[in-house]
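Accompanying notes for the structure given below.
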Amino acid sequence: MKPSHTFEAALQRKLEERKEQGLYRSLVCSNGLIDFASNDYLGFARQSILGKGSSNLQGATGSRLISGHSPEAERAEKKIASFHRTQAALIFNSGYMANIGLCSAIAGKNDTFVCDELLHASLIDGIRLSFAKRLKFKHNAVADLEQKLKKAKGNKFVVVESLYSMDGDEAPLKEMAEVCEQHKAYLIVDEAHATGVWGEQGEGLVCQLRLEEKVFAAIYTFGKALGLHGAAITGSETLRNYLINFARPFIYATALPPHTYSQIEAAYHRLPSANRERLVELIAYFSQATQACHRFSFLKSRSQIQGVVVPGNKQAKALADHLFQKGIYAKAILSPTVPAGQERIRICLHNFNTQSEIDFLLREIKNFKE
Ligand SMILES: Cc1ncc(COP(=O)(O)O)c(C=O)c1O
């Protein structure tokens, strides 16, 4: 659910308090001014370390609130907001920092996070830092989510991933958004693995399902399909201002270098023409081919994240080693990262893989001797 007027008003009130105290934080570009603010003590950020000379700073020289804000950052955030069809976006240095910043800033000890049991560690850490209560619901189970929402107190935040990194399955976001609306809960969606891959132009699952108006905040990371580094939180302009003022990983860390913001913006411009069709073809090919591979069971995934379940840590490691010896790199995911008995080899498909590589992988899985 979008923030009710009262919640949006509560965030706004906190911002007004800051203004009254003379402590309101806002972003200022300092380009062209005499620098007595940055941390670029040796001037290294002004010189290309590769000696080529560049008009842009190499490093940010400070946090976004000191000297690290730039026209490049502003342009990238405007592009991201319009791409994901939201009012505003704020870039963090990583998805991990975005998640701990968001969760720890928006909730307090009287509030409740209601979370999918398979949530990424970055979200769990953020929730812990907030001092709010945490209730877990069974993975992707809307009925259990509803039960937990009935028990939740204070402001309620439902936190899910759109595409789960270990199982490759997607959250039933439409149903979840409806339940959130009924229970006046705010929906937060981590789109890390859907960014660039899902949606007509790679906008993610929220946009694909036209749920932009029903989501309080979404997190898009750049370290996966965009091949870069960093992440953005999207939502209302009030949420952006609130995070600038209260999200500690944003306030207290050196910003990304200006050229990274330009790279992020360029990657967003490139996304609509990325070859997602090829990835979809390979996913279909992989799913078809695994039906003939009876050696182990495969995850039921429709996404680029696939996996073969190899019960037992020892056996999962042995299969990963066997593949490695054959020149194939796929990671073993062991318990307790996944439940005991569900240990697996995680198989990430990319649009640059080939059908013969998939055939080779499946042949080697079949050939593996325990
Ligand atoms: C679901 C999810 N959220 C957040 C992150 C953290 O993103 P980053 O690697 O940009 O810190 C990851 C990274 O693995 C992830 O899988």
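Computed from the C-beta positions of Lys317 and Asn367, the FRET efficiency with R₀ = 22 Å rounds to 0.80.
In this structure His229 has an accessible area near 110 Å², from a 1.4 Å probe over the protein heavy atoms. Close amide H pairs (under 5 Å, H built 1.01 Å from N) link Gly230 with Gly95, Phe222, Gly223, residues at least 5 positions away or on another chain.
Note on Met97: accessible area is roughly 40 Å² with a 1.4 Å probe, heavy atoms of protein only. Protein-only accessible surface at a 1.4 angstrom probe places the residues Val197, Val160 in the order Val197, Val160, largest first.
For the range 226-370, the residue among Val310, Thr254, Leu282 whose Cα projects farthest onto the positive side of the dipole built from Cβ charges is Val310. Highest mean packing first, where packing is the average number of other Cβ atoms within 10 Å per residue, the peptides 310-317, 217-224 line up as 217-224, 310-317.
Where is the GNM fluctuation largest for the chain (alpha-carbon springs, 10 angstrom cutoff): Ala274, Ala37, Ala232? Between Ala274, Ala37, Ala232, it is Ala37 that shows the largest mean-square fluctuation.
Over the residues of the chain, the helix contribution to mean residue ellipticity at 222 nm works out to -11500 deg cm²/dmol, using -39500 (n - 2.57) for each DSSP H run of at least 4. Each part reduced to its alpha carbon centroid, the range 207-286 and the range 344-370 end up 29 Å apart.
Inter-label distance, Phe352 to Lys184: 5.1 nm, where each label sits 7 Å from its Cα along the C-beta direction. Computed with every protein chain present, the accessible area of Tyr96 is close to 110 Å² [probe 1.4 Å].
Sparse packing (at most 15 other Cβ atoms within 10 Å of the Cβ) combined with a DSSP loop state is found for the following GluC sites (Glu not before Pro) in the range 73-133: Glu117. Note on Asn39 and Ser273: the model spin-label points, each 7 Å out from Cα along the C-beta direction, lie 3.9 nm apart.
Over 37 Å, how big is the tail of the calculated P(r) for the chain, in percent of all Cα pairs? Result: 27 percent of Cα pairs exceed 37 Å.
Solvent-accessible surface of the range 120-173, taken per residue with a 1.4 Å probe and all protein chains present: 43 Å². These residues, Glu146, Glu175, go from largest to smallest accessible area, 1.4 Å probe, as Glu175, Glu146.
The values are calculated or read from the model by the stated rules, or taken from the named source; none is laboratory data. The shown structure was predicted, so the numbers you read here are calculated from the model rather than taken from an experiment. Note that we place each Cβ from the backbone using ideal geometry, even for glycine, and neighbour counts take in every protein chain shown. For the accessible areas, the whole protein counts, side chains as well, though only heavy atoms, and no ligand, DNA or RNA atoms are used. Shrake-Rupley method; radii C 1.70, N 1.55, O 1.52, S 1.80 Å.
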